[in-house]
1. Taking the residues in segment 439-457 that are polar (S, T, N, Q) and within 35 Å of the chain's Cα centre (by Cα) as candidates, determine which candidate is farthest from Lys474 (Cα to Cα).
2. Going residue by residue through segment 129-143, is there one that turns out to be within 21 Å of Thr242 (Cβ to Cβ) and surrounded by fewer than 18 Cβ atoms within 10 Å (Cβ to Cβ)?
3. Restricting attention to segment 737-779, and to residues there that are at positive phi and surrounded by fewer than 22 Cβ atoms within 10 Å (Cβ to Cβ), which single residue is modelled with the highest pLDDT?
4. What pairs can you find where one residue is in segment 767-791 and more than 12 Å from Leu660 (Cβ to Cβ), the other is of a type in the set (Phe, Trp, Tyr) and in a helix (DSSP H, G or I), and their Cβ atoms are less than 6 Å apart, with a gap of 6+ or different chains?
5. Quickly run through segment 340-354 and pick out the residues that are open to solvent by less than 20 Å² (accessible area, probe 1.4 Å) and under 29 Å from the mean Cα position of the chain (by Cα).
6. Only one residue in Glu82, Glu76 is in a helix (DSSP H, G or I) and more than 17 Å from Phe116 (Cα to Cα). Which one?
7. Provide a single number: the residues in segment 669-681 that are open to solvent by less than 70 Å² (accessible area, probe 1.4 Å) and assigned to a helix (DSSP H, G or I).
8. Could you grab the pairs with beta carbons closer than 9 Å, sequence gap of 6+ or different chains, first residue in segment 165-192 and under 13 Å from Ile246 (Cα atoms) and without any contact (Cβ under 8 Å) to a residue 24 or more places away in the chain, second one outside any strand (DSSP E or B) and acidic (Asp, Glu)?
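The values are calculated or read from the model by the stated rules, or taken from the named source; none is laboratory data. The model shown is predicted, which means the values in this text are computed figures rather than measured ones. Cβ: placed from backbone, ideal geometry, glycine included. Neighbour counts: every protein chain shown. Heavy atoms of the whole protein, side chains included, go into the accessibility calculation; ligands, DNA and RNA do not. Shrake-Rupley method; radii C 1.70, N 1.55, O 1.52, S 1.80 Å.
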Amino acid sequence: MSESRGQPLSKCGLPRFLIGCEDGKSRELDDRDMRNISGPYGDEEDDEEQSEHQILVGICSMTKKSQSKPMTEILERLCKFEYITVVIFPEEVILNEPVEKWPLCDCLISFHSKGFPLDKAVSYAKLRSPLLINDLNMQYFIQDRREVYRILQEEGIDLPRYAVLNRDPDRPEECNLVESEDHVEVNGEVFQKPFVEKPVSAEDHNVYIYYPTSAGGGSQRLFRKIGSRSSVYSPESNVRKTGSYIYEEFMPTDGTDVKVYTVGPDYAHAEARKSPALDGKVERDSEGKEIRYPVMLTAMEKLVARKVCLAFKQTVCGFDLLRANGHSFVCDVNGFSFVKNSMKYYDDCAKVLGNMVMRELAPQFHIPWSIPMEAEDIPIVPTTSGTMMELRCVIAVIRHGDRTPKQKMKMEVRNALFFDLFEKYGGYKSGKLKLKKPKQLQEVLDIARQLLAELVQHNDCEIEEKKSKLEQLKTVLEMYGHFSGINRKVQLTYLPNGQPKASSEEEDSLKEGPSLLLVLKWGGELTPAGRVQAEELGRAFRCMYPGGQGDYAGFPGCGLLRLHSTYRHDLKIYASDEGRVQMTAAAFAKGLLALEGELTPILVQMVKSANMNGLLDSDSDSLTDCQQRVKARLHEIMQKNRDFSEEDYKKLAPTCSPSLVNSMSIIGNPVRTCDQVHTLIQSLTCQICKRLEDPKSADLQLYHSETLELMLQRWSKLERDFRMKNGRYDISKIPDIYDCVKYDTQHNSSVGLEDTLELFRLSRALADIIIPQEYGINKAEKLDIASAYCLPLVKKIQLDLQRTHEDEAVNKLHPLYSRGVMSPGRHVRTRLYFTSESHVHSLLSIFRYGGLLDEQKDEQWKQAMDYLSAVSELNYMTQIVIMLYEDNNKDPSSEERFHVELHFSPGVKGCKDEDNAPLGFGFRPASSENHEKQTDQGSLEDLSQDEPDRAAPCEPISIHRKSPLIRNRKAGSMEVLSESNASRGAAYRMFPSSSRQSPEIKPSGLGFEGCSMVPSIYPLETLHNSLSLKQVDEFLTAVCKNGSETQFKRMKSLSAMFDSHAQPSIDVESPEIPVTTPVQLTQPPNRPLWYSSDPLSTLSSAGPSSPLVAETSSNFSFNSE
């Protein structure tokens, strides 16, 4: 074997780059740290033996390109393929030597840039016939914008309307230009300003945009980035008179361009950047790099990426997209182009290129390399019965992360200024108004200031608003020095007959006539801890997706990220309109998709605000009749100054929930406990006052920039409001007290306030009764209130499950590229819904009490219900996860074809929680009937190792695993016994669970104690893992039907106060389904009713609706996305 082609990796494991030399020798790319090696490339007698071991990939380009950071990063990864060696052609050889003296290679990556002799590269390819990654002849066309546009047009790819002006003496008919003040006419085609003028040479970047006189005229002159500028404004309004140009319509894109990078026809990475036409200033980060934002490509855009890649025969290809008027237009094709500064892209690119090279060349060189099963494209997992199924859909409903304490102040207002404001913003249309915009909040502040000024001047004036309330309104609105809808809002509700006075917050005397209830809300912002929780959970969530070998030829990767960058991951993220919920969604997306940078651009690009039809939002201030009755009963029971009696236990805990019974036993006498809580709050406020008087505490900074003054305000308000004037307690304040003490115990323990843990213990026991029971005391009430909150969400989940199976997908993988892919035309559909506590409580109530399964007949469901009954709090980051699998071996009409799993986590671990945590049975535990067979099934265990979930039933490539851990085997969640088994069809537990064994199982001596990636969040527990889709669909249909009838009755009685934004749209007589594209509403023949086809959405994930499915059983209109 020759030294050059058969040489193994160096002992230190460095990748081998070889520099080809003109004398037929070669040397390794030293980069100051690699050893020199030499050996003949052209030695004929060694060819046969050499080729068995190494495939040479030649890099033929200018030095500036071949030694750029992206190229180096990708080549380092490419070299980790065992049989691939990279040879970089020196620039002096390319420029000065004949092609016969160029180094040999089996595969050529060559591309044109300024100064590159493309003719010689074409000659070399003819001489040596290597596998070409990017076609060379097509690169001539890419240099001419006219040819680029012609090819795009032939392929049926949308591009802006354009005309070519050729100033060619031989073709005078193509040079007809008529220029007017606000338009030009090019060969009979009229372009109104603004229009774009591009030189026909793609190497000429001097593109001009001409503006109409109505906008001031002139032109914006674009050029290649120089420093921090990419364009400059010019007063010149006349077009250029020399040279040939393309004239095209200007596309309004909201100031962003999308740059798309393909690696083969089935992979595309997209980034948005500020359009150079906007102001010409290049946005750069702290490292001086141009700021780019991650974007999702729609199915149609991915199809365009595939077409561009194939039409121009460029495997690695960059092109520009303009998104305008609901469509996407290609405006430039750049040819060979890499993403800058994305480690994920470098991993992906090397993996795709390496597999492409091996697939094409390994067989002819007799290299022992089996074609991988494209594991990242087949989301296959083992089921608990030992069969392999394909993951089709993941639906998760997730509560927001850790936040600052929410605070609220209510006041009844009657002043004409408030009524004027209410009318100005259309409050009379629905009887309610929400003010969040800075301008609106400023108007409320102005009214408060004006009324307070009048009060000072005329004490006897007819201003009915309470002075202390107005002062608090003014103080809160003046906080921070600026307005943001994320941290404050004002709600106004019209009260035709005023409000009955019930609490210490209200005035004593009743007044007649209409009034407005003003509710001021502030606080409740996502904390830095909340951001970390969400981002880490997003990162952990990836590992539920099978299909990513952990190592691609020696470097780590993750299946979901590969899925996401190909056509096969259909992701949509929804969030309610609360700032903390939206930022949680953005942070989760950042972790899930390995994004970088700030949350704001991620929020804008990736998160849909789902305040349509009350999907994730609810107006907690407008209670249903049932909720009002429940709250009144709670107040009544909790005001009794005696220990809870047997009758109280029956009234308050009819479901016999252990968590409720335990809390009631801790409380004993509710009034006495409230006395203790009030005394402890008084103690806290006194301690804080003393700290304020202490000079040492003057500059004390609390968590999240809070001051001692603000902390005192929080507690003083609770002290005032908790005990009412009549001496009774307002139990609606208990959640707020618990909220505040939980926050201070977790984040402000360094202040050293005494008795906070006792206050935490007592307020938590009270909150563990009040909070869950506000959503209903008995089962019927729980279902009634749950329907009022989350019926639209339930219907949306049903649609998500139904629409997973597509019959026709326009973007199926090309047959040539889908070898080894079991179902190349299908997606994994992921729908993530971020919301608040009310929706999570309500959705869980529907699954618990709606009749999904009979716990008397189903042992697993009984265990799940016992577990849920023991959970006392649905804390921040609570998750309800539904996973749908398909068994491709079953008949499409069979009930066994689709398999549903239901999982749950109570979210963040609370203070002192670990000892009392309820025990679940792990994530995806083995079913009892298959208990004996399952020796290597797993539950997502030990995320900290970031190890893969093997997707295929066989091991296609031998891969060195980094940490061969020996783990304990647990009957309950079937943890992995050994690393060798782990590589075959195992799943891992989301977080370590060795401290949380099932009650009947004792830990073995081989306990494995790992460090979780999200140590503060409870692991997912499986509630049920053998449901059929038919079961779930029929259950959801029944829930929606019953809920629709209940809501219709309720809405008829409250029609005057109905808020169309907070409630589902219901029309019992004739459901009207808005459909944006034709959709088949009848079920295909010979299929069960629950089997639904899914027309592929081709619209932007942040854009308009896609086709809808009609369901007569529940009369909702929904965007199916």
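1. Filtering segment 439-457 down to residues polar (S, T, N, Q) leaves 440, 442, 450, 457.
Next, only the ones that are within 35 Å of the chain's Cα centre (by Cα) stay: 440, 442.
Working: Gln440: 14, Gln442: 10 Å.
Ranking the qualifying residues of segment 439-457, first place goes to Gln440.
2. Taking segment 129-143 as the starting set, the residues that turn out to be within 21 Å of Thr242 (Cβ to Cβ) are 143.
Still in the list and also surrounded by fewer than 18 Cβ atoms within 10 Å (Cβ to Cβ): 143.
Yes, that holds for at least one residue.
3. Kept after step one, since they are at positive phi, are these residues of segment 737-779: 752, 755, 776.
After this cut, where a residue has to be surrounded by fewer than 22 Cβ atoms within 10 Å (Cβ to Cβ) as well, the list is 752, 755.
Working: Gly752: 86, Asp755: 91.
Among them, the one singled out is Asp755.
4. From segment 767-791, the pairs are Lys779/Tyr849; Lys782/Tyr849; Leu783/Tyr849.
5. The initial filter retains those residues of segment 340-354 that are open to solvent by less than 20 Å² (accessible area, probe 1.4 Å), namely 342, 345-346, 348-351, 353-354.
If the condition is that a residue be open to solvent by less than 20 Å² (accessible area, probe 1.4 Å) and under 29 Å from the mean Cα position of the chain (by Cα), then Ser342, Tyr345, Tyr346, Asp348, Cys349, Ala350, Lys351, Leu353 are the ones that fit.
6. Working: Glu82 fails: in a helix (DSSP H, G or I).
Being in a helix (DSSP H, G or I) and more than 17 Å from Phe116 (Cα to Cα) holds for just one of Glu82, Glu76, which is Glu76.
7. Within segment 669-681, the subset open to solvent by less than 70 Å² (accessible area, probe 1.4 Å) is 669-671, 673-675, 677-678, 680-681.
Imposing the further condition that a residue be assigned to a helix (DSSP H, G or I) reduces the set to 670-671, 673-675, 677-678, 680-681.
Within segment 669-681, residues that are open to solvent by less than 70 Å² (accessible area, probe 1.4 Å) and assigned to a helix (DSSP H, G or I) number 9.
8. Glu174/Asp168; Cys175/Asp168
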